[in-house]
1. I'd like the full set of residues that are surrounded by 19 or more Cβ atoms within 10 Å (Cβ to Cβ) and either part of a helix (DSSP H, G or I) or over 36 Å from the mean Cα position of the chain (by Cα) (or both), limited to segment 386-407.
2. Mind counting the residues in segment 321-349 that are part of a loop (DSSP other than H, G, I, E, B) and in contact with a Gly (Cβ under 6 Å, 6 or more places away or on another chain)?
3. Here is a list of conditions, (1) modelled with pLDDT of 85 or more; (2) under 25 Å from I356 (Cβ atoms), and H208 meets all of them except one; can you say which number that is?
4. Scan segment 109-127 for residues that are touching an Asp or Glu at 6+ places or on another chain (Cβ under 6 Å) and either of a type in the set (S, T, N, Q) or in a strand (DSSP E or B) (or both) and jot them down.
5. Search segment 21-58 for residues being at pLDDT 85 or above and charged (D, E, K, R), and hand back the single one that is surrounded by the most Cβ atoms within 10 Å (Cβ to Cβ).
6. Read through the list (1) at pLDDT below 95; (2) surrounded by fewer than 20 Cβ atoms within 10 Å (Cβ to Cβ); (3) assigned to a loop (DSSP other than H, G, I, E, B); (4) not aromatic (F, W, Y), then give the number of the only condition that A381 fails.
Amino acid sequence: MPALGMAQETGLLVSWLKSEGETVAKGEPIMSVETDKATVEIEASASGILAGVSAQPGDNIPVGHTIAWILAVGETLPEAKPKNALLALTGGGDKKAALTVSPVAQKIAHEHGIDLALVKPSGGRVEKGDVLAYIEAQKRPAVQEPRNPPTRLTPASPKARRLAAEMGLDVAILTGSGPAEAVLAVDVLSAQTTLPAVSSPTLSKAWHIMAQRVTQSWTNAPHFYLLREVNASRLVAWRSRVEEQAGQKITYTDLLVRLVAAALRQHPRLNASVKEGQIILHGEINLGMAVAVSDGLVVPVLHHADELNLEQIAARNRDLVTRANAGKLRPEDLQGGTFTLSNLGMFGVDAFNAIINPPQAAILAVGRIAERVVPVNGVPAVQPAMTLSLSCDHRALDGALGARFLDYVASLIEEPLIML
């Protein structure tokens, strides 16, 4: 392990750039080492064959400790002896005996870097069992480690270690994306949101179903998004007027269901599904409404939404939402949807892109109504506005089809009385 700084005591082996037995040239990078300041590539000091590798990526190694050899062609490791060598083993006094070594014992000793002169034979020559017994014997006192033993650490860049220390994270529990799975700064930053919580919530069946459906949609449907900001002044006024006339609570979702159902009637291509590579146009307009419940997300369906008046829409919506939160939806309440509306405006969300509810071809996401400064006839004015986001499955729709539908919905929101 080379010294890369005056005060450096150890170096962290990040990765080997050459494999054992591979030919290396002088000046060629052979390994990557990290110090407390940087990660650098170490060049070969000579040409030859890399051999005797004794350190692995992640080992923190004292400076000067031998971790590999570069051998010339035909050269063997210093610890190894020539094949079929005669060993002069000293007995008592000046008595010497010449003992041979079996080929198998010689091979095992060479692989483990064992000096056969230290192996005590059990018979007339050193056999395989003698070498294995020596290896086992060496394992037992291995607890008496050298003064500066290599210690196994998780490979990580200096910046990653600094960030982890600042955020109170242990790099040992992070998954690295660098060479030899070394932890990089980006892994530490992403770990802020990916580290397991102290306790995991119990996921309901409804949540698992939702997760499966959105995964299926996100994986299979090529999404594209169209956004449109619309003037909501007339929509706000319309809601106040119909609430007063109907004598019941009318939500913006109720109004949007009425308008979107009318738009789907004029743009039937959006009221479609994709199944087995085929585009299926539906004769009925069954509008699904994304509803957040305590254990997930459900999409109850308002069947024949285009045939209902506003009071009927409001009554059915209230019933569906109430039963959804109580866990009392019926199977038919969740079947037959042809298009979905997702409104997060009541949660203060300005805008978002929704994932398509498969096998439907599109979903409309609606943000909150908020006052915004806009130019009116060249003069700044404050007016309520909302952002619409249409998510489309590119297998069923192109940008022009989606844009025409979104433009029609926007015109109904800005002038809702034109279709009543």
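1. Hits for segment 386-407 are G402, F405, L406.
2. Adding up the residues that qualify gives 2.
3. Against the list (1) modelled with pLDDT of 85 or more; (2) under 25 Å from I356 (Cβ atoms), H208 comes up short only on (1).
4. Within segment 109-127, S122 is the sole residue that qualifies.
5. E43
6. (3)
Quick grid of which residues meet (1) more than 14 Å from F339 (Cβ to Cβ); (2) of a type in the set (G, A, S); (3) out of contact with any strand residue (DSSP E or B) (no Cβ under 9 Å at 6 or more places or on another chain):
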position	(1), (2), (3)
R241	yes, no, yes
I250	yes, no, yes
P268	no, no, no
S273	no, yes, no
Q278	yes, no, yes
I285	no, no, no
G288	no, yes, no
D295	yes, no, yes
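Every residue, every condition in (1) over 21 Å from G402 (Cβ atoms); (2) hydrophobic (A, V, I, L, M, F, W, C), yes or no:
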site	(1), (2)
L270	no, yes
I285	no, yes
D306	no, no
N317	yes, no
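The values are calculated or read from the model by the stated rules, or taken from the named source; none is laboratory data. Computed from a predicted structure; not experimentally measured. With ideal geometry, Cβ positions are generated from the backbone for all residues, glycine too; neighbour counts draw on all protein chains shown.
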